[in-house]
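Working notes, structure below.
The values are calculated or read from the model by the stated rules, or taken from the named source; none is laboratory data. Just so it is clear, the model here is predicted, and its values are computed rather than measured. Note that we place each Cβ from the backbone using ideal geometry, even for glycine, and neighbour counts take in every protein chain shown. Remember, those area values only see protein heavy atoms, side chains included, never the ligands or the DNA or RNA. Shrake-Rupley method; radii C 1.70, N 1.55, O 1.52, S 1.80 Å.
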Amino acid sequence: MSIKDTFNSEANARRIAMVESCFGSSGQPLAVPGRVLVGEGVLTKMCRKKPKARQFFLFNDILVYGNIVINKKKYNKQHIIPLEEVKLESLEDDGQFRNGWLIRTASKSFAVYAATSTEKQEWMAHINKCIEDLLRKSGKKAVEVHAAVWVPDSEAAVCMHCKKTQFTVLNRRHHCRKCGAVVCGPCSNKRFLLPNQSSKPLRVCLNCYDTLSRAKTRPPNSTVSSPDGSFTKDLKERNGSGESSGEEDSDEDEEPNRSQQESTHDEPKFYGVSEGAEENKQDK
């Protein structure tokens, strides 16, 4: 069965319609000419406060994910990521965080984890194949600048900038939208326009504000030194398990119910050519 046949297959249309119905009015229309649902499954997404299960749908041009309200039946908080902007980076296993990789884009970056190493390899291979096909067909170059991954709240008891302020109910944690560091209010009281992330100036730490301000006033070909070395190194070491760099983390507030948390793990489904051909035969 050719790709062209897959585009028009009833099986593919039914799958996409099912995804749309599961998101309901909270989601965007997903059925467009040429779009194919390549695979779907549950991944653990590293959110700002803790890891949470999220339902992912891989299409040949976009990656969609959302909060699980009722497993396999209802999702909300839909997020759509164009695959042309995506870059994947494999993560080394670290304690309980295993089989993970980073999903990076210019506006949002975060870590996800699969249940097994085999599932990790399958997900990464399918996503990368879709990205390669898209870039080849469009003639576009891969995005080179990506948003920082947020350091999780639990990894910073004190401000990562001043190293002094302890976080409490009154002293809230803030995240620098440029480097992802967890910082206190006084150490992140500046805002800077980061066009790839927002049309409005975003909160940044003092280190990044100084660096960005210097870069803005320098000639295009000149280089600017990075912030304090130890600060940057600490971020790189922590950056493998963080949350994305959007102004708000809109998928933080929904918690899975007990029945969902206790449900058995379902392996991801990837719709190959042979399966699509078989379903088409049955439809005919």
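Whole Å is fine, so just give me how far the alpha carbon centre of the stretch 51-90 lies from that of the stretch 14-40.
Using only Cα atoms to place each centre, the spacing works out to 12 Å.
Given the pairs K45/K77; K45/K163; K73/K269; K74/K129; K50/K108, which span a C-alpha to C-alpha distance of over 20 angstrom in this model?
Numbers: K45/K77 14 Å; K45/K163 28 Å; K73/K269 16 Å; K74/K129 28 Å; K50/K108 17 Å.
Pairs exceeding the cut-off: K45/K163; K74/K129.
At 1.4 Å probe size, with the rest of the protein present, what percent of the exposed accessible area of the stretch 16-82 is carbon and sulfur atoms? Provide the component values of the computation, followed by the final result.
Numbers: 1530 of 2700 Å².
Roughly 57 percent, rounded to a whole number.
Can you list the residues, at least 5 places off or on another chain, whose amide H is less than 5 Å from the amide H of L194, using H built in the peptide plane?
HN-HN under 5 Å from L194: L202.
State, as an integer percentage, the relative contact order of the stretch 1-102 based on alpha-carbon contacts under 8 Å between residues 6 or more apart. Kindly include the intermediate steps, with their values, before the conclusion.
On the way: 146 pairs, mean separation 18.7, N = 102.
It comes to 18 percent, rounded to a whole number.
Averaging sequence separations of C-alpha pairs under 8 Å and six or more residues apart, then dividing by the length of the stretch 17-164, give the relative contact order as a whole percent.
Taking the mean separation of contacting Cα pairs over the length of the stretch 17-164, I get 20 percent.
Once ligands and nucleic acids are excluded and a 1.4 Å probe is used, how much of D94 is accessible, expressed in Å² to the nearest 10?
My reading of the accessible area for D94 is about 110 Å².
Mind checking the full-extension length gain between N128 and S154? Use 0.36 nm per residue of separation minus the Cα-Cα distance, one decimal, nm.
Stretched out fully, the N128 to S154 stretch lengthens by 6.3 nm.
Under 15 Å from a point 7 Å along the Cα-to-Cβ line of K216: which residues of the stretch 155-189 have their amide N that close?
Inside the label zone: 177-178, 189.
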